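Structure first, then comments.
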Amino acid sequence: MLNTVARNSKNLKTKYGNLRNIVSLAEPKQPKVVTDIPGPRSKELLSRLRNIQQTGSVQLFADYEKSIGNYLIDVDGNILLDTYTQISSVPLGYNHPALLNTFKNEKNIKTLINRPALGVFPGENWPEKLESILQKVSPGLPNLTTMMCGSCSNENAYKNMFIAYQTKRRGENDFSKEELESSLINTPPGAPRLSILSFKNAFHGRTLGALSTTHSKAIHKLDFPSFDWPIADFPKYQYPLHQHVAENSKEDDRCLEQVEDLIEKYKKLNNSVAGVVIEPIQSEGGDNEASPEFFQRLQKICKSNEVYLLIDEVQTGGGPTGKFWCHEHFNLESSPDVVTFSKKMQLGGYFHTKELSPKLPYRVFNTWMGDPGKLLMLETIINVANDQNLLKNVRETGDHLKKNLIEIESEFSHLINSTRGRGTFLAINAKTTQLRDHILDKLKQRGIQSGGCGDNAIRLRPALIFETKHADIFLDSFRNVLIELNK
Ligand SMILES: Cc1ncc(COP(=O)(O)O)c(C=O)c1O
């Protein structure tokens, strides 16, 4: 299968338009389950891995040589239609010929193996690569910091916000002797009492700073000390949205009033809010949406209180909502102060305003600060997405999926509810957690790899190359699972 892809892709120049057909032809026509999942080979590997690591989260072992397009193939030969894509991080599916081609080029291989400490020894083409790849997709923000993963992008972006906040108060490089000394022993004024406001059910990562703003599951937080930072309610909407406009708008009012109150309260507690962090759609916490008006008003509150606004697009960024950045759906009056990314973007990082750039070196820094090899992958991904108009594909496939999910919901309204989302970034709730887990299991048995989030949501996170024909396979299986559970 892959040989065909490789042979056909040899003739590729720079245009990727016809690759859609090549990938489509190489893909299996449908899922096929030949063993239990995990199957015998996966189980054998699991027991080996268990001697080395905690493996409770491992579902199966994949065969990444054979996996292709929208299909994840496991080591037991099961062919799974992948609507979860490595927790939403594989934009072009598996073994895309354009990505394979990227690393046939010797120059690119050298970029891959000579990995620089980017903050100290960047390669000659690094500025040009940032300009021509990442800045081309910037959500209107002039500056950019690259990082490794989603957590460390948020973690470091919080530091930018704290630095800028303090700089406004006293200038960045006029540190007093007292500040210099107290910073080393974690006490004010060098280590000031400042906070980041986040929302209930948010997920912003698992490093210690980011974890203080993560509130989705206790298992992520237990035993770790956390900062005393304010946490506001995120809107909980009633569905369908169009039938609950008044209630949901009241819910926006309630949550935004809390944000204002908490900013005031923490100022009085001498723990002022320097930044607000929010996901455009709360992903790990259950695919909870908030309205464009909510985000517009939140931005106004931030501006009037001189608090920075960070929109965390780690899961939503890179196209799955039908726009490159999900917050583009919100018609904000200006760009947020920071937008963090990772997952589909292959490397982590954040776009930010000039004001948020530290004036001194080593304020925000680590050894790798990103990875030029991953940026080459992103370059190919963006070129393919543009040439094949993949965002249009996401919107069309998403509309088709959502329309049919709503129909299935009305047929099985005693089991499922609250279809929601944008593009193919969609979710639907099961009545209980147990039922949700049951549905995910049964989908797996039918060859559909899907995922859950929050207490009872089933979330869809397919690749940008997921088409209506793939959506139909998912919808058919989903419906059949519900028929089976209904018996
Ligand atoms: C919105 C959001 N922010 C941050 C993160 C953390 O990213 P990572 O797992 O790469 O550290 C995630 C991961 O799922 C996420 O969904």
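The values are calculated or read from the model by the stated rules, or taken from the named source; none is laboratory data. Please read these numbers as outputs of a predicted model, since none were measured by experiment. No Cβ is skipped: glycine too gets one built from the backbone with ideal geometry, and neighbour counts run over all protein chains shown. Protein only, heavy atoms only, side chains kept; ligands, DNA and RNA dropped before computing areas. Shrake-Rupley method; radii C 1.70, N 1.55, O 1.52, S 1.80 Å.
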**Asked** Roughly what percent of Cα-Cα pairs across region 372-421 reach past 17 Å?
**Response** 55 percent
**Item:** Solvent-accessible heavy-atom area per residue, rounded to whole Å², over the chain at 1.4 Å
**Value:** 46 Å²
**Item:** Radius of gyration, Dmax [region 37-157; alpha carbons; angstrom]
**Value:** 18.7, 52
**Asked** Can you pull the Rg over Rh of region 131-213, Cα-only, Kirkwood?
**Response** 1.04
**Chain lengthening between ARG41 and GLU306 when straightened (0.36 nm per residue, less Cα-Cα)** = 89.8 nm
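Can you tell me the length gained on complete extension of the stretch GLU178 to LYS250, counting 0.36 nm per residue apart and subtracting the Cα distance? Walk me through the numbers on the way to the answer.
Working: separation 72, 0.36 × 72 = 25.92 nm, distance 4.75 nm.
Difference between extended and current length: 21.2 nm.
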**Request:** Could you tell me which of GLY317, ILE382, ASN125 has its Cα farthest along the dipole of the chain towards the positive end, charges placed at Cβ (Lys, Arg +1; Asp, Glu -1), taken about the Cα centre?
**Result:** ASN125
**Request:** Please report, largest first and rounded to whole Å, the three semi-axes of the ellipsoid equivalent to the chain, where each semi-axis is the square root of five times an eigenvalue of the C-alpha gyration tensor.
**Result:** 37, 29, 21
**Pair GLU131, TYR64: separation of 7 Å Cα→Cβ label points (nm)** = 3.3 nm
**Prompt:** Just the accessible area for GLU155, please: 1.4 Å probe, Å², rounded to the nearest 10?
**Reply:** 50 Å²
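Per the Kirkwood definition applied to all pairs of different Cα atoms, how many angstroms is the hydrodynamic radius of region 30-78?
On the way: mean 1/r = 0.0882 Å⁻¹.
One over the average 1/r among Cα pairs gives 11.3 Å for region 30-78.
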**FRET efficiency, SER24 to TYR362 (Cβ-Cβ, R0 56 Å, nearest 0.05)** = 0.70
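Note down the Stokes-Einstein diffusion coefficient of region 219-326 in µm²/s, whole number, using a Kirkwood radius over alpha carbon pairs, 20 °C, and 1.002 mPa s. Intermediate values should be presented prior to the final figure.
Values: Rh = 15.3 Å.
Roughly 140 µm²/s, to the nearest whole number.
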**Asked** What FRET efficiency, computed as 1/(1 + (r/R0)^6) with R0 = 30 Å and r the Cβ-Cβ distance, is obtained for ASN386 and ILE109, rounded to the nearest 0.05?
**Response** 0.75
**Message:** I need the calculated FRET efficiency for the pair LEU222 and LEU100, taking r as the beta carbon distance and R₀ as 30 Å, to the nearest 0.05.
**Reply:** 0.10
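State the percent of C-alpha pairs, over all pairs in region 315-394, separated by a distance greater than 13 angstrom. Before the final figure, lay out the partial values.
On the way: 2355 of 3160 pairs.
Here the tail beyond 13 Å accounts for 75 percent of pairs.
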**Prompt:** Convex hull over the alpha-carbon atoms of region 346-449: what's its volume per residue in Å³?
**Reply:** 209 Å³
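Within the chain, what whole-number % of the accessible surface is contributed by carbon and sulfur, with the 1.4 Å probe and all protein chains included in the calculation?
Values: 11560 of 22590 Å².
Result for the chain: 51 percent of the exposed heavy-atom area is carbon or sulfur.
Provide the net charge surrounding ASN173, with neighbours chosen by a C-beta distance below 15 Å and charges set as Lys +1, Arg +1, Asp -1, Glu -1. If you can, show how the numbers build up before the last one.
Details: positive: LYS168, ARG169, ARG170, LYS177, LYS359, ARG363; negative: GLU172, ASP174, GLU179.
Charge balance near ASN173 sits at +3.
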**Asked** What does the convex hull of the alpha-carbon atoms of region 117-370 project to on average, in nm²?
**Response** 14.3 nm²
**Asked** Which distance in Å, rounded to a whole number, links the C-alpha centroids of region 158-211 and region 277-299?
**Response** 25 Å
